[in-house]
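Read the figures in this text as sums done on the coordinates, not as results from a lab. Nothing here was measured: the structure is a model prediction, and the numbers come from that model. Cβ coordinates were reconstructed from backbone atoms using ideal geometry, including for glycine residues, and neighbour counts include every protein chain displayed.
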Amino acid sequence: MGNIHTVGPNEAMIISGGCCGANAKRTIIGGWGWAWWFVTDVQAISLEVMTLNPVCEHVETSEGVPLTVTGVAQVKVMTEPELLNTACEQFLGKQVQHIESVILQTLEGHLRAILGTLSVEAIYQDRDQFAALVREVAAPDVGRMGIEILSFTIKDVYDTVEYLSSLGRAQTANVKRDADIGVAEAHRDAGIREAECEKARMDAKYD
């Protein structure tokens, strides 16, 4: 005797064993399958998108400035047969919280390592590039677990030594200085042009 097992569209069901082959395995995504009582093992793994919030606190940059960085990542189990089998080998029978914890530790490890190689200015000026670098470096390790990083963004960067505040004030001062220089150059160019026009008018008059 047996029973029918079903899974939703965002789940994969792995049926292993059976009367005809103890080592046989079937993978079903979003459907149903027949399982024999006592001789068949049925387990499921979620294919839902998981949202993670990696946090690295007081990590020193290449300049020795301690920063705290928070991010947001979305990941999911890949559905390609070979990669899905890899994910099942790693996580089948585990709670979603356990899967999230493993991936989160991997992301935080790479985030911490990359933070130590960059300057504060590089992180502050281009968060998107920083996030892309973390995703690029972490993707192979996460991929070996059968997990895909759908997105990774930097949510916040802050420190407790006011280095970023000083950097922000310096950048504001630079912008104001550049604006003042631009205005002065515009006035100078306008004066030169006006003088040239006046000279041309006087030359025409004398001719």
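Here are the numbers for the structure shown:
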| item | result |
| --- | --- |
| Low-density loop positions, chymotrypsin sites (Phe, Trp or Tyr not before Pro), segment 37-140 - DSSP coil, at most 13 other Cβ in 10 Å | TRP37, PHE38 |
| Residue-count net charge about THR153 - beta-carbon cut-off 13 Å; Lys, Arg +1, Asp, Glu -1 | 0 |
| Relative intensity, log₁₀ I(q)/I(0), of segment 47-93 from a Debye sum that treats every alpha carbon as a point, q = 0.23, 0.24 Å⁻¹ | -0.81, -0.84 |
| Calculated from backbone phi, Karplus (6.51, -1.76, 1.60) coupling profile of segment 112-118 in Hz, x at Gly/Pro | 5, 5, 5, 4, x, 9, 10 |
| Cut-off 15 Å between beta-carbons: net charge of the residues surrounding ALA73, Lys and Arg +1, Asp and Glu -1 | -3 |
